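Read through the structure below, which is laid out as structure tokens, and then see the notes.
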Amino acid sequence: MCSIAGVCSKSGKGVSRQLFQLLSTTQHRGPQAFGVKTPEAEKKVKTLKALLPLPESYIALGHCLLSTTGFGVQPLSSGNVSIAHNGQIYNFEQLNSSGKKLSSDSEVIAHFFSERLASKPIEKVLKEFMLEAEGEYAVGLLHGEKLYAFRDVLGLKPVWFGENDSLCAFASEPHALMKLDMQFPQPLPPGHLLEISPQGLRVEKIFSLEDFRKTVPEKYSPEKLKSEFEKAISMQTQGLKKAAVLFSGGVDSSLVAKAVSEKVSHTKLFVAGVKGSPDVESAKKAAKELGLELEIVSLDEKKVSSLAFRAMKILSFFDEMQVSIAVPELACAEQIKEQGFKVVFSGQGSDEIFAGYSNYAKALKEQGFEGVEEEIWLSLSRMWSRNFYRDDAILARNSLELRVPFVALNFLREALAFPAREKILSENDALRKHPLRALARSYGIPEPIASKPKHAMQYGSGAQKIVSKLFRGS
């Protein structure tokens, strides 16, 4: 989890003060090192204060670093391209066609664009990158007299942008832009390119979810599903010495926990809930069955109220359901950070792609299996603005990086190849998610867990009733 930022003046004035403001506001995302790049100079330091005085320019790119497996201070440059990167490119070695020995995914991104921008427009180079890159990413790029920003096709990592009378800018979080008097920052949609220059800004779609849909295999295969899940776990755990898992005791988090624990020796599970809540009781039983260490973060009415108000401040919205989900996430995140973890795994995404929610049964009743298929793609298209935004904001506030193996692109392709009729058997099917449950059994997940019905996180933790009372003012 890092922070990226870029600022460009519309009138040629220096923007160092504004860039420092963006980095200062988002330093919780990457408190370990800081860097700035302008067309004429660069500066990389270990503390935010050490950045001052910043190199002055009308255009500048900045980065805050959270190191998980290495310590590459950014922005990084290759030729006349400089990049600031938030996220992970897991297959970066395959993207390296430079012939040079490059040790990090960020170095590969810089070389990838530097080599190809010499002969191709950025739109074409970015589409090639999005087709080849496996991972989650948000990237700021300085090339010539322009800044660019883009994010992965699912929108796992955030980019926000805005402008006022004198500036255009982007940042990893919207409230940073608001401090520059940009009152209505917008999220850059997944798979889109943002271009910023003294003339203003423009946004262009490069690679959409519909484009991704065309890459889904025609035939489904349980063997390929397992193979791609194993690859996703291997890539996302590479180089990790310890890992935390958001855990509820259900099939999703149990499968992730079991798979991660086989790769990372120090794997610890975290659950938050009120005393006797379904999540806490299920998590205790499941952790014992799996033989994994579990940390229970106890909640009560006073603590839930405090967490809810903090979550609303972090998220900048007042959606009751989203706040109810954010409360146990925030409670776990604070404990995970306190215990020295940096990377957190989650089962996020499985319910959307395997038809786990009850609304899929409704879609089946009203529109048949074709309706379920469309509901799956609709749910997936909405995740960036709700689920991923919420999870990123909550965990980033605690300097944690989230990893979600169920939406790793190659696994996702195999999962979406399964027709709806394989995921939900009938409108009365209370279990649903049958391919995922079969995958869990192949990992040795005990049958009581593999066949456990879905409980929504906000209800399972017991936080929802308390948050609901807050919203009603009772």
Legend entry - Interatomic Cα distance distribution for the range 233-335, bins of 5 angstrom, percent: 2, 13, 22, 20, 17, 13, 9, 3, 0
Legend entry - Fewest-first sequence of S385, S3, S282, S265 by Cβ atoms within 10 Å of each Cβ: S265, S385, S282, S3
Legend entry - Potential lengthening between S468 and Q183 on full extension [0.36 nm per residue; Cα-Cα distance subtracted]: 99.7 nm
Inset, instruction - Mind checking the range 203-237 for chymotrypsin sites (Phe, Trp or Tyr not before Pro) that DSSP puts in a loop (not H, G, I, E or B) and that have at most 11 other Cβ atoms within 10 Å? - result: none
Inset, instruction - For an R0 of 56 angstrom, estimate the FRET efficiency from the Cβ-Cβ distance between K284 and T215 and round to the nearest 0.05. - result: 0.85
Inset, instruction - Starting from the eigenvalues of the Cα gyration tensor, five times each then square-rooted, give me the equivalent ellipsoid semi-axes of the chain, largest first, whole Å. - result: 37, 25, 21
Inset, instruction - Measure off 7 Å from each Cα along the Cα-to-Cβ vector at H266 and R310, then give the distance between these two points in nanometres to one decimal. - result: 2.3
Legend entry - Nearest-ten-degree value, helix 320-338 long axis tilted from longest Cα axis of the chain: 80
Inset, instruction - Please compute P(r) over all alpha-carbon pairs of the range 107-199, binned at 5 Å starting from zero, and give each bin as a whole-number percent. - result: 3, 13, 24, 24, 18, 11, 6, 1
Legend entry - Once exposed loop GluC sites (Glu not before Pro) are cut out (DSSP; at most 10 other Cβ, 10 Å), longest piece of the chain: 219-474
Legend entry - Cβ-derived FRET efficiency at R0 25 Å, S234 paired with K100, nearest 0.05: 0.50
Inset, instruction - Report the net charge of residues surrounding Q367, where surrounding means a beta-carbon distance below 12 angstrom and charges are Lys +1, Arg +1, Asp -1, Glu -1. - result: -4
Legend entry - Over the range 3-210 - Rg/Rh using Cα atoms and the Kirkwood inverse-distance radius: 0.93
Legend entry - Stretch gain in nm, segment H28-K127, where the contour uses 0.36 nm per residue and the Cα spacing is subtracted: 32.5 nm
Legend entry - C-alpha long axis of helix 122-132 to longest principal axis of the chain, angle in °: 30
Inset, instruction - Please provide three numbers in whole Å: the alpha-carbon extents of the range 217-472 along the principal axes, with the largest listed first. - result: 49, 43, 30
Inset, instruction - With everything on Cα atoms, drop me the angle between helix 222-237 and the longest principal axis of the chain, reported from 0 to 90° to the nearest 10. - result: 50
Inset, instruction - Rounded to the nearest 500, what is the 222 nm mean residue ellipticity of the chain from helices alone, with -39500 (n - 2.57) per DSSP H run of 4+ residues and division by all residues? - result: -12500 deg cm²/dmol
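Since every read-out is calculated from the coordinates, none of them should be taken as a lab result. Not measured: the values here are computed from a predicted model. Cβ atoms come from the backbone with ideal geometry, glycine included; neighbour counts cover every protein chain shown.
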